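Below: the structure, in structure tokens.
The values are calculated or read from the model by the stated rules, or taken from the named source; none is laboratory data. Here the structure is a predicted model, which is why all the values come from computation and not from measurement. Positions of Cβ are generated from backbone atoms using ideal geometry, with glycine treated the same way; all protein chains shown enter the neighbour counts.
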Amino acid sequence: MGFRTWIAQNDRSIVYNNQKLGEMDGVIVSLKDEKLLMSYEDAVKAALLIDCIWFKNSRLMPAIMEVEHSTGITTGLSRMKNFKDKFPPFPTRYVIVAPDEDRKKVLQECNKEQFKDMDPLYFPYSSVEELYSLCQRRKVKGITEDFLDCFMEETS
């Protein structure tokens, strides 16, 4: 989709299609070098284990995502909340990516009082697959944040 992507430092060595995630094109080497974050050392530290952060044009952060497959939904929400609390107010999406069958649990956790200020979104696996398939088949370019929102579900 043309976004530069941060991959959690503990996931960078995962191999996909015979290549480590951390070595793929468009993957950010160091968050310390990101213009948006370089003045916020505590935010950089808080972001190191966030599964995925998208950056656009060095000025925008379209989404901050936690993929919850093996860890708990609350863990991902807490990680994003910690980042949000260490970074000045900034327009972005806080997103939980999780299996479709976890929808009820995602909505329940996202609606807890401590996470409401993030206004988290739910990106079910089926929607991730649909978006990926569309981008691959049609070579979609110029994707806007509004377009991404069509694949995510509000949790409140």
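Residues Phe55, Phe83: which one is within 15 Å of Trp6 (Cβ to Cβ), aromatic (Phe, Trp, Tyr) and part of a helix (DSSP H, G or I)? Steps first, please.
Working: Phe55 fails: part of a helix (DSSP H, G or I).
Checking each option against the conditions leaves just Phe83.
Of everything in region 104-149 that's of a type in the set (Lys, Arg) and either touching a helix residue (DSSP H, G or I) at 6+ places or on another chain (Cβ under 7 Å) or part of a helix (DSSP H, G or I) (or both), which residue is surrounded by the most Cβ atoms within 10 Å (Cβ to Cβ)?
Once the filter is applied, the top-ranked residue is Lys105.
When you scan region 72-94, do you find a residue that is more than 17 Å from Ala47 (Cα to Cα) and either at pLDDT below 95 or exposed (fewer than 13 other Cβ atoms within 10 Å of the Cβ) (or both), even just one?
yes
Go through region 1-30 and give me each residue that's more than 16 Å from the chain's Cα centre (by Cα), over 27 Å from Gly142 (Cβ atoms), aliphatic (A, V, I, L, M) and in a loop (DSSP other than H, G, I, E, B).
Once the filter is applied, which keeps residues that are more than 16 Å from the chain's Cα centre (by Cα), over 27 Å from Gly142 (Cβ atoms), aliphatic (A, V, I, L, M) and in a loop (DSSP other than H, G, I, E, B), region 1-30 yields only Ile14.
Any chance you could count how many residues in region 85-102 are within 14 Å of His69 (Cβ to Cβ) and of a type in the set (D, E, K, R)?
3
Any idea how many residues of region 56-71 are over 10 Å from the mean Cα position of the chain (by Cα) and crowded, with 21+ Cβ neighbours inside 10 Å? Please lay out each step first, then the result.
First pass over region 56-71, keeping only residues over 10 Å from the mean Cα position of the chain (by Cα): 56-60, 68-71.
Going one step further and asking which of them are crowded, with 21+ Cβ neighbours inside 10 Å, we end up with 68.
Adding up the residues that qualify gives 1.
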